[in-house]
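Take a look at the structure set out below.
The values are calculated or read from the model by the stated rules, or taken from the named source; none is laboratory data. Keep in mind the model is a prediction, meaning the values are calculated, not measured. In this analysis, Cβ positions are derived from the backbone assuming ideal geometry, glycine residues included, and neighbour counts consider all displayed protein chains. Areas reflect the complete protein model, heavy atoms only, side chains present, ligands, DNA and RNA absent. Shrake-Rupley method; radii C 1.70, N 1.55, O 1.52, S 1.80 Å.
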Amino acid sequence: MADMTDRTTWTASPFVAAIEPITESDDEIRRYLADAEIQPLLPALAYATGDMSLLRDDLRPDPLMVSLPQGGYTDEQAAAVRELALEVLLRFRDGGCRPEPVPADADVLRIMEFAVGGKSADYDMADYLPLLEEELAHRGEDRRAPTWHKHELAPDTDFRVLIVGAGMSGLLAAHRLDEAGVDFVVVDKNDDVGGTWYENTYPGCRVDNPNHNFSYSFAQRHDWPFHYSTQPVLHRYFRDCADAFGLHDRIRLGTEVLSATWSEDDHRWDVVVRTADGREETLTADAVVSAVGQLNRPHMPEIAGLDSFAGPAFHSARWRHDVDLAGKRVAVIGTGASAMQLIPEIAPEVGELLVFQRTPAWMVPTPEYHDEVPAGLTWLYNHVPAYSEFNRFCIFWRMGDGALATVTVDPAWDVPGSVGPMNAMVQMLFTEYLKEQFADRPDLLDAAVPSYPPGAKRMIRDNGVWARTLKRDDVRLITQGIREITPTGVVTSDGVAHDVDVIIYGTGFTASRFLTPMTVTGRDGVDLHEHWQGEARAYLGVTVPGFPNLFCLYGPNTNIVINGSIIYFSECGVRYIVSLLGMLLGSGHRALDVRAEVHDEFNARVDARNREMAWGVSDVNSWYKNASGRVSQNWPFTLLEYWQRTLRPDPGEYDLSG
Ligand code: NAP
């Protein structure tokens, strides 16, 4: 067998071994190909063999259909792709599994353009090439790793970073600081790492982003058990990452940050924490990274009589595993992403389920949503060079900048319920899906079809389970508003009392109240939350003027609605923060502060663009807006722009002092 280590270097991940040689028979390979994701197959094979003739026009996906299952390929096209792939794989096997040298950039570009359906007037894929090479850990290189080390930059400077939160973003920041040789400590209020993937243990909790996208670029896996990971799988992944990165000794669990105060004299933060045994302790840090997430603090609705209910009542993110729901009458308030996952899970168990819906969600048809990854697909990830990476690329594109046009306002468009022609097409497709789902229950269909444009609120993946659940005899959908909660149940605005044994609140999180309930005091004693007055803003979601050496991850305006993975934003954000720290350490100064005019100008652009997006222009209520109606959560531009802007800091945008 040829030595493949010189070429098959797709091994940046601590979890993926080198691509294995193919030893299987023709029939076995044919069987495995039946399980293939079609869209990345020919791109990966063209990449591995250098044979660009595989990129046949008749086998190119339709760019308008790539968001559909199997990249929108027809059955005939998919069969032809499999046949062609079989021929190539047999030749590859018989030739000793020797991939050709990595194609030149021009060919990689052709492959990427083919994968997404061809060139487009809307974007130039060449702009994306460096980003995508990085995003795919192209050629096995972890190109987002720090490019400097503290030993070289500032060997004699004591510098310590405190990271608040050991979830996805906090672990990432810790790993990168470790690589840069910067001292740090991570504190987390919870008893384990994982953040939201530790806290949300409600039945049915799983991610709605395919695993290959919802994982660190440099810590990919080929062995995901499901297409869309369940909460235990993802929690385990983040724990495994903390192990693989060697972080556990530097994480203080059960430790909650109460306040952080900037000391201008010492150029550092004094951070008061409450320790696991209830003591208060002050830690000092030269810089603080907030990695507390947006979906961290449960939102309890303001409903009269909320506390009067006599039975168990709890929030989806604080699931009471001690409450036995079997045979009980249960009310679930809310039909957002959490509730729409837990309702189908508990429906078969409870006696009767009352679902209180205020606003229906658009649903994205996803037949494989709950399915295990079939054995053949895992085999392909392990044996076809670059297949897993091109699969990630296809997801990245169809859920990323490739989808942005579908939620962008066309000022000339004047059709109620949609914001542009592409948006109207999505609306039509998803309405058809709902009509199919509720064909036998027109009463439910009326309640299920949203009146707002797709993309104005979070869309929910569905494999048919939602309609099946609502159609059950023991499930009732209630769309009347809620007037009050009483000791015995829920009273709706029509005066009907719905008595229940248990109330579950699937009512979301206080997402727009960034960094609460911590008290953060910056220069001149300014309190961050008083400064914000409910209008959280930051430069690139990361830095706030007057709060030196404070950095946010998943900060204001870094959430995405349809386009992308929040892990992508954290990887860009962490690189930016690490680069800023490198800039600071290299300068010999002690503090950096973003210039107010840079911050203000950036936020004005963000606000203007958010008003041109479905979530900004629609008046439907959503967690993307704060109390004043400003979109304080979402990034309205391309993923490419966030990458470009965070690639390296512009020293002119920061004041250095100390
Ligand atoms: P959410 O999307 O904010 O949903 C909250 C639900 O509670 C909505 O249906 C809301 O109705 C309802 N609600 C709130 N206050 C109410 C009141 N006073 N009376 C009646 N209903 C009320 O929260 P979530 O479901 O926890 O999801 C939050 C985000 O977490 C998601 O958008 C997603 O980004 C993430 N998440 C992702 C997954 C996944 O990956 N699959 C799973 C769970 C969560 P209105 O719509 O009318 O406001």
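Check whether at least one residue in region 248-258 is open to solvent by 30 Å² or more (accessible area, probe 1.4 Å), touching a Cys at 6+ places or on another chain (Cβ under 9 Å) and either touching a residue at least 40 places away in the same chain (Cβ under 8 Å) or more than 16 Å from the ligand (Cβ to nearest atom) (or both), and report yes or no. Within region 248-258, none of the residues are open to solvent by 30 Å² or more (accessible area, probe 1.4 Å), touching a Cys at 6+ places or on another chain (Cβ under 9 Å) and either touching a residue at least 40 places away in the same chain (Cβ under 8 Å) or more than 16 Å from the ligand (Cβ to nearest atom) (or both). Take region 121-154 and flag every residue that is open to solvent by 20 Å² or more (accessible area, probe 1.4 Å) and of a type in the set (Phe, Trp, Tyr). Matches in region 121-154: Tyr123, Trp148.
Among (1) open to solvent by less than 20 Å² (accessible area, probe 1.4 Å); (2) of a type in the set (S, T, N, Q); (3) under 26 Å from Ser13 (Cα atoms), there is one condition Thr196 misses while meeting the rest; what is its number? All conditions are met except number (1).
Here Gly327 qualifies as away from the ligand (no atom under 11 Å from the Cβ) and without any contact (Cβ under 8 Å) to a residue 60 or more places away in the chain.
Restricting region 565-617 to residues that are open to solvent by 10 Å² or more (accessible area, probe 1.4 Å) and in a loop (DSSP other than H, G, I, E, B) leaves a set whose member that is farthest from the ligand (Cβ to nearest atom) is Gly588.
So, in region 175-207, exactly how many residues are in a loop (DSSP other than H, G, I, E, B) and farther than 20 Å from Glu135 by Cβ?
Here is the first cut: in region 175-207, the ones in a loop (DSSP other than H, G, I, E, B) are 180-182, 188-195, 200-205, 207.
Imposing the further condition that a residue be farther than 20 Å from Glu135 by Cβ reduces the set to 180-182, 188-195, 200-205.
Total meeting the criteria: 17.
What residue, among those in region 92-125 that are of a type in the set (D, E, K, R) and in a helix (DSSP H, G or I), is nearest to Met399 (Cα to Cα)? Per the criteria, the residue is Glu113.
For region 635-644, the criterion of being assigned to a strand (DSSP E or B) and open to solvent by less than 40 Å² (accessible area, probe 1.4 Å) is met by no residue. For region 340-349, the count of residues that are more than 30 Å from His315 (Cα to Cα) and either crowded, with 19+ Cβ neighbours inside 10 Å or not assigned by TED's automatic domain parsing to the domain that holds Met428 (or both) is zero. Confirm whether Gly652 is within 16 Å of the ligand (Cβ to nearest atom), more than 25 Å from Tyr128 (Cα to Cα) and either among the basic types (Lys, Arg) or without any contact (Cβ under 8 Å) to a residue 60 or more places away in the chain (or both). Taking the combined requirement at face value, the residue does not satisfy it. For Val415, the stated conditions do not hold, so it cannot be described as within 16 Å of the ligand (Cβ to nearest atom), touching a helix residue (DSSP H, G or I) at 6+ places or on another chain (Cβ under 7 Å) and either assigned by TED's automatic domain parsing to the domain that holds Asp619 or not in a helix (DSSP H, G or I) (or both).
Tell me the residue from Pro61, Pro21, Pro101 that is in contact (Cβ under 8 Å) with a residue 24 or more places away in the chain and open to solvent by 60 Å² or more (accessible area, probe 1.4 Å), please. I'd like the intermediate steps shown before the answer.
On the way: Pro61 fails: open to solvent by 60 Å² or more (accessible area, probe 1.4 Å); Pro21 fails: open to solvent by 60 Å² or more (accessible area, probe 1.4 Å).
Only one candidate qualifies: Pro101.
When the test is whether a residue is in contact (Cβ under 8 Å) with a residue 24 or more places away in the chain, in contact with a Lys or Arg (Cβ under 8 Å, 6 or more places away or on another chain) and within 16 Å of the ligand (Cβ to nearest atom), Phe314 passes it. On the given criteria, is Glu368 open to solvent by 40 Å² or more (accessible area, probe 1.4 Å), within 16 Å of the ligand (Cβ to nearest atom) and in contact with a Pro (Cβ under 6 Å, 6 or more places away or on another chain)? Taking the combined requirement at face value, the residue does not satisfy it. Restricting attention to region 430-458, the residues that are open to solvent by 20 Å² or more (accessible area, probe 1.4 Å), within 26 Å of Thr408 (Cα to Cα), touching a helix residue (DSSP H, G or I) at 6+ places or on another chain (Cβ under 8 Å) and assigned to a loop (DSSP other than H, G, I, E, B) add up to 3.
Please enumerate the residues belonging to region 479-489 that are near the ligand (Cβ under 10 Å from one of its atoms) and more than 22 Å from Gly629 (Cα to Cα).
Here is the first cut: in region 479-489, the ones near the ligand (Cβ under 10 Å from one of its atoms) are 481-482.
Of everything in region 479-489, just one residue is near the ligand (Cβ under 10 Å from one of its atoms) and more than 22 Å from Gly629 (Cα to Cα), namely Ile482.
Only residues that are open to solvent by 60 Å² or more (accessible area, probe 1.4 Å) and small (Gly, Ala, Ser): list them for region 305-319, please. Once the filter is applied, which keeps residues that are open to solvent by 60 Å² or more (accessible area, probe 1.4 Å) and small (Gly, Ala, Ser), region 305-319 yields only Ala310.
In region 469-492, the residues that are more than 25 Å from Glu345 (Cβ to Cβ) and assigned to a loop (DSSP other than H, G, I, E, B) form Cβ pairs under 9 Å with partners that are open to solvent by less than 60 Å² (accessible area, probe 1.4 Å) and hydroxyl-bearing (Ser, Thr, Tyr), at six or more places apart or across chains, as follows: Gly481/Thr492; Pro487/Ser308. Kindly provide the set of residues from region 499-539 that are within 16 Å of the ligand (Cβ to nearest atom) and assigned to a loop (DSSP other than H, G, I, E, B), ordered by number. Residues satisfying the conditions are Val500, Gly506, Thr507, Gly508, Thr510, Ala511, Ser512, Arg513, Phe514. Within region 285-316, the residues that satisfy the criterion of being farther than 16 Å from Met518 by Cβ and polar (S, T, N, Q) are Ser308, Ser316.
Quick one: would you say Ala403 is open to solvent by 20 Å² or more (accessible area, probe 1.4 Å) and within 16 Å of the ligand (Cβ to nearest atom)? Give the steps one after another, and end with the answer.
On the way: open to solvent by 20 Å² or more (accessible area, probe 1.4 Å): no; within 16 Å of the ligand (Cβ to nearest atom): yes.
Answer is no for this residue.
Yes or no: region 276-293 includes at least one residue that is touching a Cys at 6+ places or on another chain (Cβ under 7 Å) and surrounded by 19 or more Cβ atoms within 10 Å (Cβ to Cβ).
Filtering region 276-293 down to residues touching a Cys at 6+ places or on another chain (Cβ under 7 Å) leaves 290.
This time we only want the ones that are surrounded by 19 or more Cβ atoms within 10 Å (Cβ to Cβ), so: 290.
Yes, region 276-293 contains at least one residue that is touching a Cys at 6+ places or on another chain (Cβ under 7 Å) and surrounded by 19 or more Cβ atoms within 10 Å (Cβ to Cβ).
For Arg392, are the conditions met, namely being crowded, with 22+ Cβ neighbours inside 10 Å and either within 16 Å of the ligand (Cβ to nearest atom) or under 21 Å from Ile562 (Cβ atoms) (or both)?
Working: crowded, with 22+ Cβ neighbours inside 10 Å: yes; either within 16 Å of the ligand (Cβ to nearest atom) or under 21 Å from Ile562 (Cβ atoms) (or both): yes.
The answer is yes for Arg392.
Of everything in region 350-365, what is within 16 Å of the ligand (Cβ to nearest atom) and either surrounded by 18 or more Cβ atoms within 10 Å (Cβ to Cβ) or in a strand (DSSP E or B) (or both)? Give them in sequence order. Scanning region 350-365 gives Leu353, Leu354, Val355, Phe356, Gln357, Pro360, Ala361, Trp362, Met363, Val364, Pro365.
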